[in-house]
């Protein structure tokens, strides 16, 4: 997913294929599943069943293959903005990311849309 922007060319991409789930911002109905194609320190590329809107804020959950020393499974959680979307391949520039533990028996991260609280 090349681009003339040198900041994207400078990234070192790591080819990695892992299950991924995504959702849009609170008021968005955008959600689905896909598979990572590559990761860098500041972005994630993934394939899914449709093109997604460029500029849309998204949250991502990736089932991480490594576990903690006690065997606890991990998810990689990230938020970012869709930078490119073509031929069902999407690139998200990351704003924030962290690892979270996954519940026992929970192989697929559940996506829950969180509504706004009434004031």
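The values are calculated or read from the model by the stated rules, or taken from the named source; none is laboratory data. Since this is a predicted model, take the numbers as computed values, not measurements. Neighbour counts are summed over all protein chains in view; Cβ atoms, including those assigned to glycine, are modelled from backbone coordinates with ideal geometry.
Observations, loosely collected:
- Residue 36 vs. criteria modelled with pLDDT of 95 or more, under 14 Å from the mean Cα position of the chain (by Cα) and surrounded by fewer than 16 Cβ atoms within 10 Å (Cβ to Cβ): no
- Cross-chain or 6+ apart pairs with Cβ under 9 Å, region 97-108 first and farther than 20 Å from residue 57 by Cα, then surrounded by fewer than 12 Cβ atoms within 10 Å (Cβ to Cβ) and modelled with pLDDT of 65 or more: 101/68; 101/72; 102/72; 104/72
- Restricting region 63-111 to residues that are modelled with pLDDT under 90 and crowded, with 18+ Cβ neighbours inside 10 Å leaves a set whose member that is farthest from the chain's Cα centre (by Cα) is 102.
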